[in-house]
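Inspection log for the structure reproduced underneath, given as structure tokens.
Values quoted throughout were computed directly from the atomic coordinates according to the rules given, and no laboratory measurement underlies them. Everything quoted here is computed from the prediction, not taken from an experiment. Cβ atoms come from the backbone with ideal geometry, glycine included; neighbour counts cover every protein chain shown.
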Amino acid sequence: MTDSKYFTTTKKGEIFELKAELNSDKKEKKKEAVKKVIASMTVGKDVSALFPDVVNCMQTDNLELKKLVYLYLMNYAKSQPDMAIMAVNTFVKDCEDPNPLIRALAVRTMGCIRVDKITEYLCEPLRKCLKDEDPYVRKTAAVCVAKLHDINAQLVEDQGFLDTLKDLISDSNPMVVANAVAALSEIAESHPSSNLLDLNPQSINKLLTALNECTEWGQIFILDCLANYMPKDDREAQSICERVTPRLSHANSAVVLSAVKVLMKFMEMLSKDLDYYGTLLKKLAPPLVTLLSAEPELQYVALRNINLIVQKRPEILKHEMKVFFVKYNDPIYVKLEKLDIMIRLASQANIAQVLAELKEYATEVDVDFVRKAVRAIGRCAIKVEQSAERCVSTLLDLIQTKVNYVVQEAIVVIKDIFRKYPNKYESVIATLCENLDSLDEPEARAAMIWIVGEYAERIDNADELLESFLEGFHDESTQVQLQLLTAIVKLFLKKPTETQELVQQVLSLATQDSDNPDLRDRGYIYWRLLSTDPVAAKEVVLAEKPLISEETDLIEPTLLDELICYIGTLASVYHKPPSAFVEGSRGVVHKSLPPRTGSSESAESPDTAPSGVQAAEQPAVIPTQGDLLGDLLNLDLGPPVSGPPIATSSVQMGAVDLLGGGLDSLMGDESEGLRSDVGGSPAMGGGGSFAPAPSTAVPANLGAPLGSGLGDLFDLTGGVGTLSGSYVAPKTVWLPAMKAKGLEISGTFSRQVGSISMDLVLTNKALQVMSDFAIQFNRNSFGLAPAAPLQVHAPLAPNQSVEISLPLNTVGSVMKMDPLNNLQVAVKNNIDVFYFSTLYPLHILFVEDGKMERQMFLATWKDIPNENEAQFQIKDCSLNADAVSSKLQGSNIFTIAKRNVEGQDMLYQSLKLTNGIWVLAELRIQPSNPSFTLSLKCRAPEVSQYVYQAYETILKN
Amino acid sequence: MIHSLFLINASGDIFLEKHWKSVVSRSVCDYFFEAQERASEAENVPPVIPTPHHYLLSVYRHKIFFVAVIQSEVPPLFVIEFLHRVVDTFQDYFGVCSELMIKDNVVVVYEVLEEMLDNGFPLATESNILKELIKPPTILRTVVNTITGSTNVGDQLPTGQLSVVPWRRTGVKYTNNEAYFDVIEEIDAIIDKSGSTITAEIQGVIDACVKLTGMPDLTLSFMNPRLLDDVSFHPCVRFKRWESERILSFIPPDGNFRLLSYHVSAQNLVAIPVYVKHNISFRDSSSLGRFEITVGPKQTMGKTVEGVMVTSQMPKGVLNMTLTPSQGTHIFDPVTKLLSWDVGKINPQKLPSLKGSVSLQAGASKPDENPTINLQFKIQQLAISGLKVNRLDMYGEKYKPFKGIKYMTKAGKFQVRT
């Protein structure tokens, strides 16, 4: 008597048969029939035709039958909305049932019937259930709100269910609290800006209490919610950590990892000198190790997260190397992850063990794993200098095994070792050359050719070796062809007499017989270089190469910090922020680690009177938000600017200047390994222009941008008339090309005749055309926001730059930033979205009507309490009082009165910010002393420091 | 949260689907099948698979893939832990978790799954609560139900659902009150060619079977609690008392449960109870190789090592093996190249050995890799870490329970490289 009998069918036709049984008078027969229907449903058969018959069975006292019918309803109500209405009455009735189990069942099923028409009828019963006396019903109702929200968000908001749900966070029953948190989190995910989970110390306390008493799943929801909270100082962070640490001993690994997330995030706020910090570090290691003894699927997720954790805080697991040793029957996905972490943890102390293991792995069966193990040996050599010699000899041992893929992989990594330690291990070249014939993979061949070319002077038969490759030149992959070309040119430069024929052969092969533009260009450049100036050619081609960095695959720090906030989530498995892959989240909230606070901060800035902590207690002129989470919203809102398609990069290169374009492509080629200092590759070029030199990063042949020149002009005329704008700083690089896939952004802020603008230069340093630009600001202290979309009228070709003046207004949403004048910007183009932040000078916010009446000034000065006064020194300024006054006026700082007291000039000045804050100033100038004293009074003293900075900038430029 | 669940058998048929939100078409599993094809073995199918609109998280247990479908950012461990809970529940309900069993009880399975999640949120995952809601099928109950027309769905709210001790129902009664604890330790080790330990760690658990009347409050203390510095507890254990006194204090669930699991890390010295002497060589030129292994006890504290089983995956080039064991039976499967030798007990006076020759593919070159030897064994009455229970006390109830404690050491992933 098993359920498999429900699958048997009869000749007459299943549906017909079932229909008859469902309408039978016998209860037992009815139930059996419903079971058959459910059984068909579970295997994906369509039994929706039986809808009315099944629903007829709903009115029953038999709970099992009722549940079965509900199961059916949930599956098919959507396809039969009109019929589903029939069920409403029963639900409403069941919600009044004396048995809480029935009430909960009704409210649970109701939410699963995803039919718009029905939802309206369900609001009343749901409202009742949310306030039910039985906590089991309440907790079920809480989830029902999330369900309903998914179907009809507007309805849920109109009916005030969200508020009721928020109230449930303070419920006396921990299970209800957990479900309310879970429901709110799910709703919040689809509405990132709604700020549903408004956490404050009181609600946090309630959550922490509920954490101890609710089920494991509830604990996960609560911990994930806690991780979004931003404690106000290090003490609060510590107390939360203390209450979360017991969760590390939970049997459920998801609870453990969520607890790790909370701790990793709040640790950021703790001072490293604290005893507690050390204790916490120690406590984190054992649970992470334990996760590795779980089932392989759990291990995999754990390992991906540990990979992030060891990058952020390597000290936690530095003694636990051995748990990452690979067992031969681990699934391959676990093996590869373990290997990755082993390299990250490798240090001088444990390198011997690691190497012995890696050598062992290199003899395993799985080819992918073996390759990665060989590669890992090379990475160890590069990372731990003391071990390099041992690594090289291990690699040589492996080459002796003659296993084809091992040899090839070993040669690829030995090339990298040569790059890191030039002129040290060349003795092995002979061994490498022996294996020349067995190489059949492009990467290995290219590596070998590079070695031969690089050390041509030490290899007697280098010309023969390279010549042997040349025979099949056209069958090689591009990578090998390029490498071969360069290697032969190197050889020629080193041994010009014997190899003239060879070099001519390769140059003609590359330039005349090849269709590949990269190869052709590189061939022409070499040809030209060699024929015009062999000395210069030597300098370029044989230039000393920069050493390669130690760790090649570290995650970029800002991304790492963001990912730490996503420990335990899918984002941590993919090592990408959720914005990069999660579908359905309509907006993306960027999470960031909390800043370190507490005593250390005030120590950093001793001369600024109002510190951040103090500012929060002042009457809030700037609304302070509980969480500092930036929400650089998705950029798809702005209309994409599309232009006609233009020529591809290679064509353009040929047209403008063969040498210039070709050189770029040559230098930019990573595999080439030829990043000489002579030309400066495009990817690196941006690095030098961090200094506030006006737009040096823009290639000269495109003409110097006008912006800086204009800036200078205004500088000269500054203070002459009020009509001219305020001081404009020269453009600085905000977003270096290296960080933004070739897009370089430099810019500055200006204010002219009452309007603020952001003057940008966008430079394309990539090799592909950029288009579809858009820009967006994060919420900031003064509500700065773009007043118009970013207009780039034509796609930006490689090496081109464009100047844009983006008008700004101050009506955007406001959030206090630290520092106050910090502005976080997101720029999008067809390639990706990039984020950077910049500081804007405060004087762009000084409005034109900032001149206060004399009387008013006096009254206000007296009215503002003395503790709001801040004094600053402006050093090394040689202007006299009148020049100062006129210069400042150009930037909307108005002198109201000037007095001479005991040989000192006193200027009384006022200014007004865009948000209506008045700042009063007293500037004392002594004729003989180049340092001025500036006293500022303001009702919002946190701005004083930035006003002072503005003064300095204006007066010194 | 968790959208849907698909159960897929080894041959790639979806034999059960359950949806907790809207219905997700089963074509989403095509992405899973693709990944399955790419993986050489079922174990190697990656646990997280992205598809354009969903994510598939899967576990592979009892030759069944449990594939969960999620749509938004959900902690993957949460999903995987839940899937494990589903497997455990099936096993608890039906004794075994197999495709046949699930098909035979498909309606119960469906009802249970419905109780476990609501809208993707876990609802009731404790087996005692589930069993009160949906009674497990037994032959007797099926007969009774057919005669009386009663159901196997409980119509009362399970008492455990909301109490402070959700893991225990009230009103438990037994005539024989007993509490048994099993301390089981598994050694995971990697031993290198020369016989020295590369890494060894112990995964220990204390499994309990508690059948006590009423609401007993137990405390369990250890002779050497310092060994336990990395522990995971059942939610019933009071963490504060453990922190301060190193005593396990708890109101136990009714029946079988895992009280705690612990981990003795590689940094402590772990005793290795057996050694393997091996001499395996694949001679070049000739097509014959030599094979010889001997297993012997070491650091067993005078206990017998039993249930010894040696398995080894031979390289592809091995055609056959002609071996003679001194005891036990051995099999070499020429298709999978898996050698397994069921040794049985180790007699320290006469060490078991397996000797013979290996025939290799003629003309092929010597295999590159060395086979790893996998070892299984059991030692009764010994916890290899040295963990010892001091005493068990019961408060809150008046009767005197039977108490018992058993120790056992087993090989976990115990590997010897050659």
Review point. Under the definition of Cα pairs under 8 Å and six or more residues apart, what whole-number percent is the relative contact order of chain B?
Key: 14 percent
Practice item. Sort A:520, B:38 so that the residue with the fewest other Cβ atoms within 10 Å of its own Cβ comes first and the one with the most comes last. Key: B:38, A:520
Review point. Of the residues B:392, B:100, B:248, which exhibits the maximal mean-square fluctuation in a Gaussian network model of chain B defined by a 10 Å Cα contact cut-off?
Key: B:100
**Study point:** Candidate lysines for bridging to residue B:400, where Cα separation is under 18 Å - those fewer than 8 sequence places away on the same chain excluded
**Key:** B:173, B:211
Point to revise | Projected label distance in nm at residue A:127 and residue B:51, using a 7 Å step from Cα toward the beta-carbon | key: 4.1 nm
Study note, to complete from the structure: Extension length gain for residue A:471 and residue A:397 (0.36 nm per residue less Cα distance), in nm, is 23.6 nm
Check your understanding: Looking only at other chains, what is the average number of their beta-carbon atoms within 10 angstrom of each beta-carbon in B:227-233?
Key -> 5
Review point. Say R0 is 35 Å: what FRET efficiency, to the nearest 0.05, do residue A:882 and residue A:847 get from their beta-carbon distance?
Key: 0.90
Point to revise | Selection of GluC sites (Glu not before Pro), segment B:28-85, meeting DSSP coil and at most 15 other Cβ within 10 Å | key: B:41
Review point. Hey, with R₀ at 45 Å, roughly what FRET efficiency would residue A:863 and residue A:818 work out to, going by the Cβ-Cβ distance, to 0.05?
Key: 0.95
Check your understanding: Under unit Cβ charges (Lys, Arg +1; Asp, Glu -1), what dipole magnitude, rounded to 20 debye, does segment A:756-876 have relative to its Cα centre?
Key -> 160 debye
Study note, to complete from the structure: Here the whole-number average of other chain Cβ atoms within 10 Å per Cβ of B:106-112 is 6
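Which loop trypsin sites (Lys or Arg not before Pro) in segment A:862-927, with loop taken from DSSP, have no more than 11 other Cβ atoms within 10 angstrom of their Cβ? Provide the component values of the computation, followed by the final result.
Details: sites: A:862, A:875, A:887, A:898, A:899, A:912, A:924; in loops: A:875.
Hits after loop and neighbour filter: A:875.
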Review point. Going by how many other Cβ atoms sit within 10 Å of their own, how do B:94, B:33 line up, fewest first?
Key: B:33, B:94
**Study point:** Paramagnetic reach from residue B:402 in segment B:171-207 [backbone N under 17 Å; point 7 Å along Cα→Cβ]
**Key:** B:173-182
Review point. Which of the listed residues, B:110, B:89, B:50, is farthest toward the dipole's positive end in segment B:42-114, when Lys, Arg count +1 and Asp, Glu count -1 at the beta-carbon?
Key: B:50
Revision key, fill the gap. When chain B is treated as a Gaussian network with springs between alpha carbons less than 10 Å apart, the largest mean-square fluctuation among B:306, B:245, B:186 is found at B:245
Review point. In Å and whole numbers, how far do the C-alpha atoms of the protein assembly as shown stretch along each principal axis, longest first?
Key: 107, 89, 70
Review point. So for A:134, A:818, fewest C-beta neighbours within 10 Å to most, what's the order?
Key: A:818, A:134
Point to revise | Centroid-to-centroid separation of segment B:285-337 and segment A:232-256 [C-alpha atoms, Å] | key: 49 Å
Check your understanding: Say the cut-off is 24 Å between C-alpha atoms; which of B:18/B:131; B:298/B:410; A:335/B:413; A:318/A:402; A:862/A:898 go over it?
Key -> A:318/A:402
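Just flag the GluC sites (Glu not before Pro) in segment A:9-105 sitting in loop per DSSP whose Cβ has no more than 16 other Cβ atoms within 10 Å. Spell out each step's value before the answer.
On the way: sites: A:14, A:17, A:21, A:28, A:32, A:64, A:96; in loops: A:96.
When the GluC sites (Glu not before Pro) of segment A:9-105 are filtered for loop state and at most 16 Cβ neighbours within 10 Å, A:96 remain.
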**Study point:** Label-point separation in nm, residue B:410 to residue B:345, each point 7 Å along Cα→Cβ
**Key:** 2.1 nm
